[in-house]
Amino acid sequence: MMHQEITNLLNKAEANLQLAEREQMRPNEDSVTFSICHAANHSIKDLLMAFLIYHQVAELNSLKSLDDFNKKYIDASVEQLISECQHIDDRFADIDLSVLNCSASNNNDHHLYCLSHEHVSKCAQLARNLQTLVLSYIDLNELLENSPAY
């Protein structure tokens, strides 16, 4: 059950990253910065949630525990999630979140976002860098072996 949840989060994160990167490839005058901002932020949160679940699988071996986990973290800010990840590995402390210091992340208001193409491109790059870090910890083969076949 937990392995499937991790796989789902990683797949959502990748889909959001691809969306952001496709939008970045469009000419600046045609790209929608809201899409890049929104997708990058969701990707970052999904990656951090996947990392946290992966490292807490032993404690989260029931649906009730996963529900409790989601209730605890679903509305957490990226900064709060990073802080939790730092308790597991100090390398998360080296991540510069200053690029996320914009309207969308500070106010936790989904109606606000950054307008600068340069700024949202940095957010998308941060998401890709975080993905690399998170995937360096998660054994994808183990996830695939333990996920139910459909």
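A few comments on the model shown:
- Proximal aspartates and glutamates to LYS45, defined as alpha-carbon separation beneath 13 angstrom and excluding residues fewer than eight positions away on the same chain: GLU14, ASP75, GLU79, GLU84
- For segment 1-52, the alpha-carbon coordinates run over 43, 13, 10 Å along the three principal axes, in decreasing order.
- Segment ILE88..ASP30, full-extension length gain: 16.8 nm, with 0.36 nm per residue of separation and the alpha-carbon distance subtracted.
Any read-out appearing in this document is the output of simple, stated calculations on the displayed coordinates, not a laboratory observation. Not measured: the values here are computed from a predicted model.
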